[in-house]
2 protein chains.
Amino acid sequence: MRIAILGGGQLARMLALAAIPLGHRVRVLDPSPDAGAGHCAELIVGEYDDPAALDRLVSGCDVLTYEFENVPVAAAQRLALRLPVSPPPAALAVSQDRVTEKTFLQSHGCATAPFAAIADRAGLQRAVVELGLPAVLKTRRLGYDGKGQAVLRQATDLDAAWAALGNAPGGLILEGFVDFERECSLVAARGRDGAVVCYPLAENTHRGGILSTSLLPGPGLSAALQSEAERVMGTILAALDYVGVLCIEFFVADGRLIANEMAPRVHNSGHGTIEGCVTSQFANHIRAITGAPLGSPAARGASVMRNLIGAWPDPARILAIPGAHLHLYGKQPRAGRKVGHVTLIDPDPAALAALDALIG
Amino acid sequence: MRIAILGGGQLARMLALAAIPLGHRVRVLDPSPDAGAGHCAELIVGEYDDPAALDRLVSGCDVLTYEFENVPVAAAQRLALRLPVSPPPAALAVSQDRVTEKTFLQSHGCATAPFAAIADRAGLQRAVVELGLPAVLKTRRLGYDGKGQAVLRQATDLDAAWAALGNAPGGLILEGFVDFERECSLVAARGRDGAVVCYPLAENTHRGGILSTSLLPGPGLSAALQSEAERVMGTILAALDYVGVLCIEFFVADGRLIANEMAPRVHNSGHGTIEGCVTSQFANHIRAITGAPLGSPAARGASVMRNLIGAWPDPARILAIPGAHLHLYGKQPRAGRKVGHVTLIDPDPAALAALDALIG
């Protein structure tokens, strides 16, 4: 088949690397002529809302998918009249707005942090009284990697947070602070036939709001949590008549799962599935959107995925670590930018220490 | 780095898929505009002896490699004046001619079938007397997948064999028939620093002269055979000051290894290393030629690799087999042509039976 992908970053790149062995051809659309997916796929350079560029992207293609959730919903819906679009545009609409998302999650039996939509400065004041402090003020739309967020610890923090975020298009949300024990995520895929596979829960560590490390399977996550996460996931996938990979990020607090957000796409916390599971999240996304049977998500031993953020060390030093698999994204290093990741298979303490010494 | 590859078939395609995650860019040269590596690499369409095409191939590249051993040695030597060429052109010269190859193998302590170079019809007669029947008459150059061969079982077979092969450019070789118990191959990689890693011996089955199945690790191959194969491999890699992946195919006869041929490139019997080993042969070839440390060749459980020859069944039926990994090469099906392969990880009897039922 011919697969079109909106976005040409690392997720599209890894999707293409998984699609090609399955016999598919891949075309991506990205505003940057340097987009990393262009190294292994046909690259159309253009804006995501440029009708001519979108037309070139999907021309002759059998299915359209995307690598990020901020695709204009109207564009996705328009394209869905021409070819299958997976995941469904409805999933974009849900996940693009934190208020809609949390409302949706709660209505499908999934606990979230308490939250309130904030329309103005007075509304923020009321919400702080209602939810208490600490709390997190976030933009409803377009936040990622900790951007568009401010933690409110005391009443005097409100003015600065409002000054920074008050004008965000799409408005704001105040979320009650979750005093969590762990962070984890469930990556799952649903096929065109409704079959669902769930990966083991990954145990995640963030730094500065950016994912730093994912352990797969998460060593501190019980079978009961896995089972609860899979129950929630199944409900949400079915409700959206979803096709492709979906990720839900959770906090674990008092031994219970609290959903934080969902991503209707392959997810950074699933990168370790490339070497760490029988079938990677990328291969299963491609299988799903092309109507093929899904592959086993079972773990092949334990793995540790570490992001390379802002810069990468000498690749030779990474590759010298036993069991290290290096994935660079073809991006120029820049502060705070994810430029690659390393997955260690069945890591021993010496290998982990060597990786820590290299990438901190 | 920028890597140039002579040839744009499935081996170049899988090399590109391994090189891209390591941050490299790949350009291939192939006479066909439909070359499968063009789906994930920059494709230059041209002949292998066209100076202008070769110039475009290597322009701006840091290293040149190839996916087949019949690269014109003169072209490789000329290019080696401009950029590093790995494996070394000397390995091409050895492996392009069966007489040179067997002489080389024997001189490095590696047993081969008895053989004789054949200059004319009378020479064939003399060689048959010397080696006895059955024996195999082969072209010295350009044979692959059982092409350019004739088995001589009785004296009356000679005329037909001579009629078919006598005019082959480069002459002929007669090889004594090896009554083997098994066929196997050792894939190994040597880095720029001289470090060597050897994969487990693969146990191979051919049909009609074409590789059909490789079991990795070969279940019928002892540690003593592994050790002997590694000794021979180490000697040959060092003698050629080799960089990259080399494969030696062996017969096992009377419990001993008899080298059949060597291939100075990634090899079909190593395709199972993609999922079956910690580091694939493709990743290790790229690591070697770019001067990076080699990765572990250790097996991750047992795997079975089956070639798809001439046609492929419905991909959905293959992907429905538990643990099946499908690799299509982007080639049009044609009788006798390798169009893909399937690797089963930790296969159970039911999965093997399902694969047999699909691809026979």
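We did not get these values from a lab; they are worked out from the coordinates using the rules stated. Computed from a predicted model, the values in this text were never measured in an experiment. Note: ideal-geometry Cβ built from the backbone for every residue, glycine included; neighbour counts use all protein chains shown.
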Practice task
Quick one: go through region A:10-24 and flag any residue whose amide nitrogen is under 17 Å from the point 7 Å out along the Cα-to-Cβ line of residue B:314.
Solution key: none
Practice task
With only Lys, Arg, Asp and Glu charged, each at its Cβ (+1 for the first two, -1 for the last two), find how big the charge dipole of region B:2-85 is about the Cα centre; round to the nearest 20 debye.
Solution key: 320 debye
Exercise for the section: Quick one: grab the alpha carbon gyration tensor of region A:182-359, order the square roots of its eigenvalues as a ≥ b ≥ c, and give me rounded if a/c is under 1.5, else prolate or oblate depending on whether a/b is larger than b/c. Expected result: prolate
Handout entry: Rg and Dmax [Cα atoms of chain A; Å; Rg one decimal, Dmax integer]
Key = 20.1, 58
Exercise for the section: Could you tell me what % of all Cα pairs in region A:310-353 have separations over 16 Å? Expected result: 40 percent
Completion exercise
Neighbours of residue A:358 by Cβ distance under 11 Å: Lys/Arg at +1, Asp/Glu at -1, summed charge 0
Fill in the blank from the handout: So for R0 = 41 Å, FRET eff. of residue A:83-residue A:163 from the Cβ-Cβ r, to 0.05, ends up at 0.40
Handout entry: Kirkwood hydrodynamic radius of region A:70-160, from inverse mean 1/r over distinct Cα pairs, in Å
Key = 15.1 Å
Practice task
Provide Rg and Dmax in Å for region B:109-252, with only Cα atoms included in the calculation.
Solution key: 17.2, 53
Fill in the blank from the handout: Net charge (Lys, Arg +1; Asp, Glu -1) of residues whose beta-carbon lies under 13 Å from that of residue B:197, residue B:197 excluded, is 0
Practice task
Would you mind checking the pairs A:331/B:331; B:102/B:331; A:138/A:338; A:338/B:338 and listing those with alpha carbons more than 29 angstrom apart?
Solution key: A:331/B:331; B:102/B:331; A:338/B:338
Exercise for the section: In debye, nearest 20, what is the charge dipole magnitude of the protein assembly as shown about its Cα centre with +1 on Lys and Arg Cβ and -1 on Asp and Glu Cβ, if you could check? Expected result: 800 debye
Problem - Cα-only radius of gyration and Dmax that characterise the protein assembly as shown, units Å - result: 28.4, 105
Fill in the blank from the handout: Once normalised by the length of chain A, the mean sequence separation of its alpha carbon contacts under 8 Å that are 6 or more apart gives a contact order in percent of 15 percent
Practice task
Please work out the FRET efficiency for the pair residue B:62 and residue A:34, using the Cβ-Cβ distance as r and a Förster radius of 25 Å; give the result to the nearest 0.05.
Solution key: 0.85
Problem - Sparse-neighbourhood loop sites, trypsin sites (Lys or Arg not before Pro) in region A:46-90 - DSSP loop, at most 14 other Cβ within 10 angstrom - result: A:82
Problem - For region B:150-172 and region A:252-331, distance of Cα centres in Å - result: 55 Å
Handout entry: Relative contact order [Cα under 8 Å, 6+ residues apart], region B:182-359, whole percent
Key = 21 percent
Problem - Gyration tensor (alpha-carbon) shape descriptor, region A:114-176, a/c threshold 1.5 - result: rounded
Fill in the blank from the handout: With the label point 7 Å along the Cα-to-beta-carbon line of residue B:222 and a cut-off under 14 Å to each amide N, the hits in region B:234-264 are B:252-257
Exercise for the section: Before anything else, pin down the relative contact order of region B:114-176: Cα pairs under 8 Å, at least 6 apart, normalised by residue count, whole percent. Expected result: 50 percent
Practice task
Calculate I(q)/I(0) for region B:2-85 by the Debye formula, one identical point scatterer on each C-alpha and no solvent, and give its log10 at q = 0.12, 0.14 Å⁻¹ to two decimals.
Solution key: -0.28, -0.38
Exercise for the section: Of the options B:172, B:131, B:160, report the single residue whose Cα projects farthest towards the positive end of the charge dipole of region B:114-176 (beta-carbon charges: Lys, Arg +1; Asp, Glu -1). Expected result: B:172
Problem - Residue of B:169, B:88, B:347 that the Gaussian network model of chain B assigns the largest fluctuation, springs spanning Cα pairs under 10 Å - result: B:169
Fill in the blank from the handout: Least to most buried among A:115, B:180, by other C-beta atoms within 10 Å and fewest first, runs B:180, A:115
Practice task
Provide the FRET efficiency to the nearest 0.05 for the residue B:156-residue A:55 pair, computing r from the beta carbons and using R0 = 60 Å.
Solution key: 0.30
Handout entry: About the Cα centre, charge dipole magnitude for region A:63-198 (Lys/Arg +1, Asp/Glu -1 at Cβ), debye
Key = 420 debye
Completion exercise
When A:199, B:329, B:66 are arranged by how many other beta-carbons sit within 10 Å of their Cβ, fewest first, they go B:329, B:66, A:199
